[in-house]
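Step one of this worksheet: look at the structure below.
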Amino acid sequence: HMSHPASTIMITTALAMKVGLAPMHFWMPPVLQGLDLTTGLIMATWQKLAPFALLIQMAPTMHPTLLTTLGLLSTIIGGWGGLNQTQLRKMLAYSSIAHLGWMIIVIQFMPQLTILTLSIYIIMTSAAFLTFKLLLSTKINTLALTWSKAPIMTTTTALILLSLGGLPPLTGFMPKWLILQELTKQNLPLTATILALSALLSLYFYLRLCYA
(Lines give C-alpha, C1' and ligand atoms only; values in the text may rest on other atoms or scores of the structure.)
Protein backbone atom coordinates (compact mmCIF):
# COMPACT_ATOMS: atom_id res chain seq x y z
CA HIS A 1 0.00 0.00 0.00
CA MET A 2 1.73 3.13 -1.28
CA SER A 3 0.30 5.63 1.20
CA HIS A 4 2.32 4.14 4.08
CA PRO A 5 5.31 6.44 4.79
CA ALA A 6 7.85 3.60 5.28
CA SER A 7 7.07 1.92 1.94
CA THR A 8 7.09 5.28 0.13
CA ILE A 9 10.49 6.21 1.61
CA MET A 10 11.94 2.79 0.70
CA ILE A 11 10.73 2.95 -2.90
CA THR A 12 11.88 6.59 -3.27
CA THR A 13 15.34 5.63 -1.97
CA ALA A 14 15.53 2.61 -4.29
CA LEU A 15 14.56 4.68 -7.35
CA ALA A 16 16.97 7.44 -6.28
CA MET A 17 19.74 4.85 -6.20
CA LYS A 18 18.72 3.56 -9.63
CA VAL A 19 18.89 6.99 -11.29
CA GLY A 20 22.01 7.96 -9.34
CA LEU A 21 20.80 10.70 -6.98
CA ALA A 22 23.11 11.72 -4.13
CA PRO A 23 23.86 10.29 -1.55
CA MET A 24 23.30 6.97 -3.46
CA HIS A 25 25.32 8.21 -6.43
CA PHE A 26 28.67 6.50 -5.74
CA TRP A 27 28.26 3.82 -8.42
CA MET A 28 27.60 6.26 -11.25
CA PRO A 29 30.89 8.13 -12.01
CA PRO A 30 33.12 4.97 -11.96
CA VAL A 31 30.58 2.97 -14.01
CA LEU A 32 30.26 5.71 -16.66
CA GLN A 33 34.05 6.04 -16.70
CA GLY A 34 34.41 2.30 -17.38
CA LEU A 35 31.99 2.29 -20.32
CA ASP A 36 32.64 3.40 -23.89
CA LEU A 37 30.88 6.58 -25.04
CA THR A 38 27.93 4.84 -26.80
CA THR A 39 27.05 2.63 -23.82
CA GLY A 40 27.68 5.60 -21.53
CA LEU A 41 25.16 7.62 -23.52
CA ILE A 42 22.46 4.94 -23.04
CA MET A 43 23.34 4.75 -19.35
CA ALA A 44 23.10 8.53 -18.85
CA THR A 45 19.85 9.04 -20.80
CA TRP A 46 17.65 6.03 -21.68
CA GLN A 47 18.21 4.36 -18.32
CA LYS A 48 16.62 7.35 -16.52
CA LEU A 49 13.24 7.10 -18.27
CA ALA A 50 11.65 4.14 -16.44
CA PRO A 51 12.60 5.24 -12.88
CA PHE A 52 11.41 8.79 -13.63
CA ALA A 53 8.08 7.49 -14.99
CA LEU A 54 7.59 5.76 -11.62
CA LEU A 55 8.80 8.76 -9.61
CA ILE A 56 6.38 11.09 -11.44
CA GLN A 57 3.44 8.74 -10.75
CA MET A 58 4.40 8.45 -7.09
CA ALA A 59 5.26 12.14 -6.56
CA PRO A 60 1.98 13.10 -4.78
CA THR A 61 2.48 10.40 -2.09
CA MET A 62 6.20 11.03 -1.55
CA HIS A 63 7.79 12.70 1.45
CA PRO A 64 8.44 16.36 0.44
CA THR A 65 11.41 16.81 2.82
CA LEU A 66 13.06 13.64 1.49
CA LEU A 67 12.68 14.82 -2.12
CA THR A 68 14.08 18.28 -1.32
CA THR A 69 17.02 16.78 0.60
CA LEU A 70 17.82 14.36 -2.24
CA GLY A 71 17.60 17.21 -4.75
CA LEU A 72 19.79 19.66 -2.85
CA LEU A 73 22.42 17.01 -2.03
CA SER A 74 22.52 15.95 -5.69
CA THR A 75 22.95 19.47 -7.07
CA ILE A 76 25.71 20.28 -4.55
CA ILE A 77 27.58 16.96 -4.90
CA GLY A 78 27.10 16.99 -8.68
CA GLY A 79 28.62 20.46 -8.88
CA TRP A 80 31.38 19.80 -6.35
CA GLY A 81 32.37 16.39 -7.73
CA GLY A 82 32.88 17.65 -11.26
CA LEU A 83 35.29 20.42 -10.28
CA ASN A 84 38.53 18.43 -10.18
CA GLN A 85 37.75 15.95 -12.97
CA THR A 86 39.93 15.56 -16.05
CA GLN A 87 37.91 12.64 -17.47
CA LEU A 88 35.01 13.82 -19.63
CA ARG A 89 32.78 10.82 -18.81
CA LYS A 90 33.17 11.34 -15.07
CA MET A 91 32.41 15.02 -15.57
CA LEU A 92 29.22 14.13 -17.46
CA ALA A 93 28.30 11.69 -14.66
CA TYR A 94 28.54 14.44 -12.03
CA SER A 95 26.67 16.80 -14.34
CA SER A 96 23.95 14.16 -14.64
CA ILE A 97 23.71 13.89 -10.82
CA ALA A 98 23.29 17.68 -10.57
CA HIS A 99 20.59 17.75 -13.29
CA LEU A 100 18.67 14.93 -11.59
CA GLY A 101 18.72 17.00 -8.39
CA TRP A 102 16.90 19.84 -10.16
CA MET A 103 14.32 17.40 -11.55
CA ILE A 104 13.60 15.64 -8.25
CA ILE A 105 13.11 18.90 -6.33
CA VAL A 106 10.37 20.20 -8.61
CA ILE A 107 8.65 16.80 -9.12
CA GLN A 108 6.40 17.34 -6.07
CA PHE A 109 5.15 20.76 -7.23
CA MET A 110 5.04 20.51 -11.01
CA PRO A 111 5.76 17.11 -12.65
CA GLN A 112 5.40 18.70 -16.12
CA LEU A 113 8.53 20.75 -15.38
CA THR A 114 10.38 17.55 -14.46
CA ILE A 115 9.39 16.02 -17.81
CA LEU A 116 10.52 19.16 -19.66
CA THR A 117 13.86 19.25 -17.79
CA LEU A 118 14.41 15.52 -18.35
CA SER A 119 13.70 15.88 -22.10
CA ILE A 120 16.10 18.81 -22.48
CA TYR A 121 18.71 17.02 -20.34
CA ILE A 122 18.47 13.89 -22.55
CA ILE A 123 18.85 15.94 -25.76
CA MET A 124 21.84 17.92 -24.42
CA THR A 125 23.60 14.89 -22.88
CA SER A 126 23.10 12.88 -26.09
CA ALA A 127 24.59 15.76 -28.07
CA ALA A 128 27.56 15.98 -25.67
CA PHE A 129 28.29 12.23 -25.82
CA LEU A 130 27.94 12.13 -29.61
CA THR A 131 30.28 15.09 -30.16
CA PHE A 132 32.87 13.52 -27.83
CA LYS A 133 32.50 10.32 -29.85
CA LEU A 134 33.00 12.18 -33.14
CA LEU A 135 36.01 14.05 -31.75
CA LEU A 136 37.33 10.80 -30.19
CA SER A 137 37.98 12.57 -26.90
CA THR A 138 37.57 11.15 -23.39
CA LYS A 139 39.93 13.50 -21.51
CA ILE A 140 40.14 17.30 -21.22
CA ASN A 141 43.60 17.44 -22.86
CA THR A 142 42.45 15.49 -25.97
CA LEU A 143 39.54 17.92 -26.29
CA ALA A 144 42.04 20.81 -26.31
CA LEU A 145 43.86 19.28 -29.32
CA THR A 146 40.72 19.05 -31.49
CA TRP A 147 40.43 22.82 -32.07
CA SER A 148 42.99 22.85 -34.91
CA LYS A 149 41.48 19.74 -36.56
CA ALA A 150 37.76 20.50 -36.32
CA PRO A 151 37.07 24.12 -35.29
CA ILE A 152 33.30 24.08 -36.07
CA MET A 153 32.77 20.83 -34.17
CA THR A 154 34.78 22.12 -31.21
CA THR A 155 32.71 25.34 -31.13
CA THR A 156 29.51 23.24 -31.18
CA THR A 157 30.87 21.16 -28.29
CA ALA A 158 31.60 24.32 -26.30
CA LEU A 159 28.02 25.57 -26.83
CA ILE A 160 26.55 22.18 -25.82
CA LEU A 161 28.64 22.17 -22.64
CA LEU A 162 27.68 25.73 -21.71
CA SER A 163 24.04 24.82 -22.33
CA LEU A 164 24.42 21.82 -19.98
CA GLY A 165 25.87 24.25 -17.43
CA GLY A 166 22.75 26.42 -17.77
CA LEU A 167 24.28 29.58 -19.23
CA PRO A 168 21.67 32.04 -20.54
CA PRO A 169 20.49 32.43 -23.33
CA LEU A 170 21.23 28.75 -24.17
CA THR A 171 18.59 25.98 -23.95
CA GLY A 172 19.79 24.54 -20.63
CA PHE A 173 19.03 27.81 -18.84
CA MET A 174 15.26 27.71 -19.49
CA PRO A 175 14.28 24.69 -17.33
CA LYS A 176 16.49 25.92 -14.46
CA TRP A 177 14.88 29.34 -14.60
CA LEU A 178 11.37 27.81 -14.61
CA ILE A 179 12.27 25.55 -11.66
CA LEU A 180 13.61 28.51 -9.66
CA GLN A 181 10.40 30.44 -10.46
CA GLU A 182 8.26 27.51 -9.31
CA LEU A 183 10.23 27.14 -6.05
CA THR A 184 9.82 30.87 -5.36
CA LYS A 185 6.06 30.52 -5.98
CA GLN A 186 5.98 27.62 -3.50
CA ASN A 187 7.58 29.95 -0.93
CA LEU A 188 10.94 28.14 -0.85
CA PRO A 189 13.41 30.98 -1.47
CA LEU A 190 16.24 29.32 0.49
CA THR A 191 16.00 26.09 -1.55
CA ALA A 192 15.96 28.16 -4.76
CA THR A 193 19.05 30.13 -3.63
CA ILE A 194 21.05 26.97 -2.79
CA LEU A 195 20.05 25.46 -6.16
CA ALA A 196 21.09 28.59 -8.06
CA LEU A 197 24.45 28.73 -6.25
CA SER A 198 25.12 25.03 -6.87
CA ALA A 199 24.44 25.62 -10.59
CA LEU A 200 27.42 28.00 -10.57
CA LEU A 201 29.69 25.07 -9.63
CA SER A 202 28.56 23.11 -12.71
CA LEU A 203 28.88 26.18 -14.90
CA TYR A 204 32.42 26.71 -13.63
CA PHE A 205 33.65 23.27 -14.67
CA TYR A 206 32.00 23.62 -18.08
CA LEU A 207 33.63 27.01 -18.61
CA ARG A 208 36.94 25.41 -17.64
CA LEU A 209 36.34 22.75 -20.30
CA CYS A 210 35.66 25.41 -22.93
CA TYR A 211 38.91 27.19 -22.06
CA ALA A 212 40.92 23.95 -22.12
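The values are calculated or read from the model by the stated rules, or taken from the named source; none is laboratory data. Remember, predicted model here, so these are calculated numbers, not experimental data. Don't worry about glycine lacking a Cβ; one is built from the backbone with ideal geometry, like all the others, and counts go over all protein chains shown.
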### Task
Can you work out which of the residues in region 11-63 that are part of a loop (DSSP other than H, G, I, E, B) and aliphatic (A, V, I, L, M) is surrounded by the most Cβ atoms within 10 Å (Cβ to Cβ)?
Leu21
### Message
Looking only at region 189-207, filter to residues that are without any contact (Cβ under 8 Å) to a residue 24 or more places away in the chain and either touching a helix residue (DSSP H, G or I) at 6+ places or on another chain (Cβ under 8 Å) or polar (S, T, N, Q) (or both); which one of those is nearest to Ile104 (Cα to Cα)?
### Response
Ala192
### Query
Do we find a residue being among the aliphatic types (A, V, I, L, M), out of contact with any Lys or Arg (no Cβ under 8 Å at 6 or more places or on another chain), surrounded by 21 or more Cβ atoms within 10 Å (Cβ to Cβ) and farther than 18 Å from Gly81 by Cα anywhere in region 190-207?
no
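Residue by residue, here is whether (1) closer than 20 Å to Ile122 by Cα; (2) without any contact (Cβ under 8 Å) to a residue 24 or more places away in the chain; (3) of a type in the set (Gly, Ala, Ser) holds:
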position	(1), (2), (3)
His4	no, yes, no
Ala14	no, yes, yes
Pro23	no, no, no
Phe26	no, yes, no
Pro29	yes, no, no
Asp36	yes, yes, no
Leu41	yes, no, no
### Summary
When region 141-158 is checked residue by residue, the ones that are surrounded by 16 or more Cβ atoms within 10 Å (Cβ to Cβ) and over 19 Å from Thr45 (Cα atoms) are Leu143, Thr146, Thr154, Ala158
### Message
Here is a list: Leu118, Leu195. Which entry is under 18 Å from the mean Cα position of the chain (by Cα), more than 21 Å from Leu32 (Cα to Cα) and part of a helix (DSSP H, G or I)?
### Response
Leu195
### Message
Leu100 - would you say it is surrounded by 19 or more Cβ atoms within 10 Å (Cβ to Cβ), modelled with pLDDT of 95 or more, under 12 Å from the mean Cα position of the chain (by Cα) and not β-branched (Val, Ile, Thr)?
### Response
yes
### Task
State which residue pairs qualify: first residue basic (Lys, Arg) and inside region 68-93, second residue surrounded by 19 or more Cβ atoms within 10 Å (Cβ to Cβ) in any location, beta carbons under 7 Å apart, and separation of 6 or more residues or different chains.
Arg89/Leu32; Arg89/Gly40; Lys90/Pro29; Lys90/Leu32
### Task
Count, please, the residues in region 167-177 that happen to be outside any helix (DSSP H, G or I), farther than 18 Å from Thr45 by Cβ and touching a helix residue (DSSP H, G or I) at 6+ places or on another chain (Cβ under 9 Å).
3
### Query
Given the conditions (1) farther than 24 Å from Gln87 by Cα; (2) surrounded by fewer than 19 Cβ atoms within 10 Å (Cβ to Cβ); (3) without any contact (Cβ under 8 Å) to a residue 40 or more places away in the chain; (4) not hydroxyl-bearing (Ser, Thr, Tyr), and given that Met174 satisfies all but one, which numbered condition is not satisfied?
(3)
